[in-house]
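Derivation of every value follows stated rules applied to the coordinates shown; laboratory data play no part. This structure is a prediction, so every number in the text was calculated from the model and none was measured.
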Amino acid sequence: MHIQVHGHQIDVGDSLRSYVAERLAERIEKYFGRTVSAQVTFSRDGREFRAECVVRLSSGMKLAATGKRDEIYASFDQAVERVEKQVRRYKRRLKDHHDRSATVEPSVSVPAFVIAAESEEQPEPDDLQPIIVAETTTEIRTLTVGEAVMQMDLADAPLLIFRNKAHTGLNVVYRREDGNIGWVDPQEPLRNQRS
């Protein structure tokens, strides 16, 4: 497993790096021996330490968790505990999915942009074009709706855009304010109009 340990305005020593490598291997590889990579980033959040842990599995699944504690080791322990819980849940769901094919569907890289939030103090621009703060890429994978909901839950994301395996159209699943999951399928009205 390839593990990257970074510190955001914090010096991360060899002792912490080896601790992270041992704990991740111990906690994650007992469920999935073929973990592709992991990235752990430490930072300060007021008086507390924050550990952000992102683990990518060989299936393409991305797990993410954050821990916040007064001590840097304890913040990582909390994050890796949350990742292990996600891995256990994912492994259980995989066992329940008997019809899941062994092939991994290809994903498509698309541009993603971060747009600056408007504030009340700034004057309204003339052209109404948003200010782009960052440009990156994101992966859009081909999944079933159940797999998309599982991916969104495991990544602890508010929404997920994916290609629906049933018809290859773009779909969105998202967490609603009432705690339920919403699903947007633009292909569905088209199928209903044809019948």
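A few comments on the model shown:
- Long-range tail of P(r) for region 2-96 (Cα pairs > 15 Å, %): 56 percent
- Under 28 Å from K30, Cα to Cα: lysines that are on another chain or at least 8 residues apart: K62, K68, K85, K91, K95
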